[in-house]
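One structure is given below, encoded as structure tokens.
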Amino acid sequence: MKTHNTLPKKIKAQSIDLLAARLADALDAWSHAKQAHWNVRGPGFIALHELFDKTADLLAESADSLAERLATLGGSPSGTARDVAKATSLKPYPHGIASERKHVEALCASLAALAQSWREAIDASDSWGDAVTTDLFTRITGDLDKQIWLIESHNA
Ligand SMILES: [Fe+2]
């Protein structure tokens, strides 16, 4: 799509592809946090139930920022469940688990993979000179790193 954004076309195209891939991961991770929110059981239920929902909210906000950066650069974000299922790089969230420890472990594994893919996106967008996209990935990765700490601390 035509845009007044003055970044060179080639840079925009690279960033759009990168943002599309990482958007799919973010939306997939959102669904993992919701799975944990709905399925966790145990004596610490309410704390984890609420923490997993806050995690889902954080991921939804991050996904929104990625999609809107993608649109800003002239791309068309694609975030339907079907598109996400095809494009995600995350491993599937395990079914049939209920315990707090297992959900903490499973969700942290998904979030750590997501944070790693975003860390690589920081370096990639930096390498082709899209500082605003680099800054966006840096900010959302910092928030995600902190969220992982808030969750993993339950399994100490
Ligand atoms: Fe809920």
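The values are calculated or read from the model by the stated rules, or taken from the named source; none is laboratory data. The structure presented is a predicted model; accordingly, all values stated were derived computationally and were not measured. Backbone-built Cβ (ideal geometry, glycine too); neighbour counts: all protein chains shown. What goes into the accessible areas is simple: the full protein's heavy atoms, side chains included, and nothing from ligands, DNA or RNA. Shrake-Rupley method; radii C 1.70, N 1.55, O 1.52, S 1.80 Å.
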*asked:* I'm trying to understand the selection: among the residues of the stretch 121-144, which are charged (D, E, K, R), farther than 18 Å from residue 64 by Cβ and open to solvent by 60 Å² or more (accessible area, probe 1.4 Å)?
replied: 123, 126
*Close pairs (7 angstrom Cβ cut-off, 6 or more residues apart or separate chains): of a type in the set (Val, Ile, Thr) in the stretch 1-28, part of a helix (DSSP H, G or I) anywhere*: 16/70
*So residue 21 clears everything in (1) more than 16 Å from the ligand (Cβ to nearest atom); (2) of a type in the set (A, V, I, L, M); (3) closer than 23 Å to residue 100 by Cα except one condition, right? Which one?*
(3)
*Tell me, please, whether a residue that is more than 16 Å from the ligand (Cβ to nearest atom), under 23 Å from residue 153 (Cα atoms) and open to solvent by less than 20 Å² (accessible area, probe 1.4 Å) can be found in the stretch 45-63.*
yes
*From the set of residues in the stretch 87-98 that are open to solvent by 50 Å² or more (accessible area, probe 1.4 Å) and of a type outside the set (Lys, Arg), which is farthest from residue 73 (Cα to Cα)?*
96
*Could you please find all residues in the stretch 20-39 being over 10 Å from the mean Cα position of the chain (by Cα), within 18 Å of residue 141 (Cβ to Cβ) and open to solvent by 40 Å² or more (accessible area, probe 1.4 Å)?*
20
*Here are some conditions: (1) more than 16 Å from the ligand (Cβ to nearest atom); (2) open to solvent by 50 Å² or more (accessible area, probe 1.4 Å); (3) among the aromatic types (Phe, Trp, Tyr). Residue 118 meets all but one. Which one does it not meet?*
(2)
*Check on residue 81, loosely packed, with under 13 Cβ neighbours inside 10 Å, closer than 24 Å to residue 8 by Cβ and more than 16 Å from the ligand (Cβ to nearest atom)*: no
